[in-house]
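So the structure is just underneath, and the comments pick up after that.
What follows is calculated from the coordinates using simple rules that are stated; it is not laboratory data. For clarity, every value in this text was computed on a predicted model and none was experimentally measured. We place every Cβ from the backbone using ideal geometry, glycine too, and count neighbours over all the protein chains shown.
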Amino acid sequence: MNTIRLGDVAPNFTAKSTEGRLDFHEWLGDSWGMLVSHPADFTPVCTTELGAMANCKEEFEERNIKVAAISVDPLEAHFEWIKDIEETQNAHVAFPLIADDKREIATLYGMIHPNDDATMTVRSVFIIAPDKKVKLILTYPASTGRNFEELLRVIDSLQLTQYESLATPANWQNGEDCVILPSVSNDEAERLFPKGFEEVKAYLRLTPQP
């Protein structure tokens, strides 16, 4: 099983999808990306997840995020499954479902965990920055559906902190105070964060979100 770590360039691939042949890096372009894997088509948890992801379309677009789903089922099954998703979840699926029936991409991304299931992909999430580097990896078991509000929260944090000398504290929500990195001196902080900051401890300084 391949191991992808944070900061690695997301492996490129070309594959069939419900929106035509897809070259992953070319498709991402200058956008952020979120690639999610599903154990199988026509399964209950996956159906609710893809409906939820479809209904977050505006939130993803606001954040310049392109989303795609992948499972080890063939393209024909994907097209049939989309009908079920749209019918049962009151959603319009406007993102590609990638067909990986030979498990090549699943192997490339380490999406199959043999001790969990030797054939099905686990629920992996890869969030990828415009430079094609992996910024977040999450792995859920097949039995647990993802929380897309949490994924949007994480994306907000990643996009805020990528070019700022900031981090976000536990349970942070968009608009709340951020943490100044310890590597930033107080003098630098005064220059970088004109809204000011509160020094709780020398290593714990809070500032309003820029």
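Secondary structure note: in segment 69-176, about 65% of the DSSP beta bridges are antiparallel. The lysine pair count for the chain, using Cα distances under 18 Å and pairs eight or more places apart or on different chains, is 7. Each listed q (0.14 Å⁻¹) maps to a log10 I(q)/I(0) for segment 19-118, found by the Debye formula over equal Cα scatterers with no solvent: -0.53. In the elastic network of the chain, a GNM with C-alpha springs shorter than 10 Å, the most mobile of Leu192, Leu160, Leu22 is Leu192. Between the Cα long axis of helix 44-55 and the first principal axis of the chain there is an angle of about 60°, rounded to the nearest 10. Take every Cα-Cα distance within the chain, group them into 5 Å bins from 0 onward, and report for each bin the whole-number percent of pairs it holds. Bins of 5 Å from zero give 1, 7, 15, 17, 18, 14, 10, 7, 6, 4, 2, 0, 0 percent of pairs. Between Ala170, Ala40, Ala15, where does the largest GNM mean-square fluctuation fall for the chain, given springs only between Cα atoms within less than 10 Å? Between Ala170, Ala40, Ala15, it is Ala170 that shows the largest mean-square fluctuation. Please list, by residue number, everything in segment 35-71 whose backbone N is under 14 Å from a paramagnetic label point 7 Å out along Cα→Cβ of Glu80. Taking a point 7 Å out along Cα→Cβ of Glu80, the residues of segment 35-71 whose backbone N falls under 14 Å are 41-43. Positive end of the dipole of the chain (Cβ unit charges, origin at the Cα centre): among Thr3, Gln162, His38, the Cα lying farthest that way belongs to Thr3. Across all Cα pairs in segment 75-198, the calculated P(r) in 10 Å bins from zero up to the longest distance comes to 10, 28, 30, 18, 11, 4, 0 percent per bin. The dipole here belongs to the chain: it is taken about the Cα centre, uses +1 on the Cβ of Lys and Arg and -1 on the Cβ of Asp and Glu, and is about 480 debye.
Ranking Val93, Val154 by Cβ neighbours within 10 Å, fewest first, what do you get?
Ascending number of Cβ neighbours within 10 Å: Val154, Val93.
Beta-bridge orientation, the chain: approximately 70 percent antiparallel, per DSSP, counting only bridges with both partners inside. Using the rule -39500 (n - 2.57) for each DSSP H run of four or more residues, divided by the residues of the chain, the 222 nm mean residue ellipticity is -8500 deg cm²/dmol. The ratio of the alpha-carbon radius of gyration of segment 161-206 to the globular-protein estimate 2.2 N^0.38 Å is 1.06. Charge tally for Gln209 (other residues, Cβ to Cβ under 10 Å; Lys, Arg +1; Asp, Glu -1): -3.
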